[in-house]
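Report on the structure given below.
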Amino acid sequence: MNEEPLLTFRDVSFAYESDWEQRVVVLQGINLSIERGAFVSILGHNGSGKSTLAKLMNGLLLPSEGVVIVSGVETRNSEAIWEVRRHVGMVFQNPDNQIVGTTVEDDVAFGLENLGVEPGEMRRRIDEALSSVGMEQFLTAQPHRLSGGQKQRVAIAGIIAMRPSLIILDEATAMLDPQGRKEVMSLVYRLNREEGITILNITHFPEEAVHSDRVIVMRAGEVYMDGTPADVFGQVERLQAAGLDVPQAVRMRHKLVQNGLEMPPVLHQEELVDHLCRLLLTK
Ligand SMILES: Nc1ncnc2c1ncn2[C@@H]1O[C@H](COP(=O)(O)OP(=O)(O)OP(=O)(O)O)[C@@H](O)[C@H]1O
Ligand SMILES: [Mg+2]
């Protein structure tokens, strides 16, 4: 068994080129390890450095100071950079900017062609990836005709076909309607639980984080909080001080407790409803 973390940040600082002279750093003193198989959520205010952090993870950006190691390889190692990018797939916010093929099939094939995968193997991987995201019946469809959620699932299929270790979603649900968000979130949770793919979900929706293994909160370029959803969302005031929202159930429970009700911590609506019913029905 390989116990080494999938991803390690050691004393990483980062400044965009133009700001380096003035030492305007966007990230500073980042020390992080991401374990294989984890589902990690990243929350943080606008401009706190989440996307920059994500781009450092697959070598799209290189650290100004410190090192980033993916599967034992430093991202600074230019010979291994394509291997790093194959390991770490990224899904971005706007589904329309990620489509490269004129059919769904072409779109998923794109990355594989770049890898030089032979045709038979390519066929197998495309079919497998599309069925894994529940889009197998759209093989010959034109991507621009799909819904936002379906487009993001095709983008994810393109990544899965490359057999990645880690998928980073950078606000991949931000432009989707509630149905699309649900489709994408249940897909990535399933890929994590059933196929063991490590997931890192950057999001503005705290609800998306309640089932993850770990929640990292960024603030002004630093790791502000890092723990289980129960640890992090248990600190409502600390989160609100950073201008961040908590899941609705957590917020409501917090208000009820402030008003004198006794209730153990909750994360999801079902738990809150359970506790409330128990309180009301036993009165
Ligand atoms: N290409 C760039 N050149 C210079 N500064 C940049 C560049 N991209 C981002 N920044 C700055 O770096 C800081 C962090 O940006 P980043 O995009 O990582 O934040 P974020 O947490 O992803 O924000 P959001 O929630 O808005 O997506 C911000 O102050 C931003 O203005
Ligand atoms: Mg961002």
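The values are calculated or read from the model by the stated rules, or taken from the named source; none is laboratory data. None of the values given here were measured: they were computed from a predicted structure. When we count neighbours, we look across all protein chains shown, and the Cβ atoms used for this are built from the backbone with ideal geometry, even at glycine. For accessibility, only protein heavy atoms count, side chains too; no ligands or nucleic acids. Shrake-Rupley method; radii C 1.70, N 1.55, O 1.52, S 1.80 Å.
Quick notes
- Tensor-based shape of the range 92-202 (alpha-carbon gyration tensor, a/c under 1.5 rounded, otherwise prolate or oblate): oblate
- For LYS182, solvent-accessible area (1.4 Å; no DNA, RNA or ligand), Å²: 140 Å²
- Mean accessible surface per residue for the chain, computed with a 1.4 Å probe while every protein chain stays in place, in Å²: 50 Å²
- Projected over every direction and averaged, the convex hull enclosing the alpha-carbon atoms of the range 193-268 yields 5.6 nm².
- Amide proton proximity set for ASP226, modelled H, under 5 Å, gap of 5+: VAL217
- Converting phi to 3J(HN,Hα) with the Karplus coefficients 6.51, -1.76 and 1.60 and the offset θ = phi - 60°, the range 235-243 yields 9, 4, 5, 5, 5, 5, 5, 8, x Hz in sequence order, with x at every glycine or proline.
- Converting phi to 3J(HN,Hα) with the Karplus coefficients 6.51, -1.76 and 1.60 and the offset θ = phi - 60°, the range 145-162 yields 8, 7, 6, x, x, 5, 4, 5, 5, 5, 4, 5, 4, x, 6, 4, 4, 8 Hz in sequence order, with x at every glycine or proline.
- Farthest positive-ward along the chain dipole, Cα basis, beta-carbon charges - from GLY89, PRO119, ALA109: GLY89
- Dipole size of the chain about its Cα centre, with +1 on Lys/Arg Cβ and -1 on Asp/Glu Cβ: approximately 640 debye, rounded to the nearest 20.
- Dimensions in Å of the range 59-118 - Rg and Dmax from alpha carbons: 14.2, 42
- Vicinal HN-Hα couplings computed from phi for the range 87-94 (Karplus, 6.51 cos²θ - 1.76 cosθ + 1.60; Hz; Gly/Pro x): 5, 10, x, 10, 10, 9, 5, 8
- Rolling a 1.4 Å probe over the protein heavy atoms of the chain, with every protein chain left in place, gives an accessible area that is 50 percent carbon and sulfur.
- At q = 0.06, 0.09, 0.12, 0.15 Å⁻¹, base-10 log of I(q)/I(0) for the chain (Debye sum, equal scatterers on each alpha carbon): -0.21, -0.47, -0.81, -1.16
- Interchain or long-range residues, amide H under 5 Å from ALA38's placed H: ILE199
- Over all Cα atoms in the range 16-98, the spread is summed up by Rg and Dmax: 13.7, 39 Å.
- Peptide packing for 98-107, 267-276 was compared via the average number of neighbouring C-beta atoms within 10 Å per residue; ordered from the highest value, the list is 98-107, 267-276.
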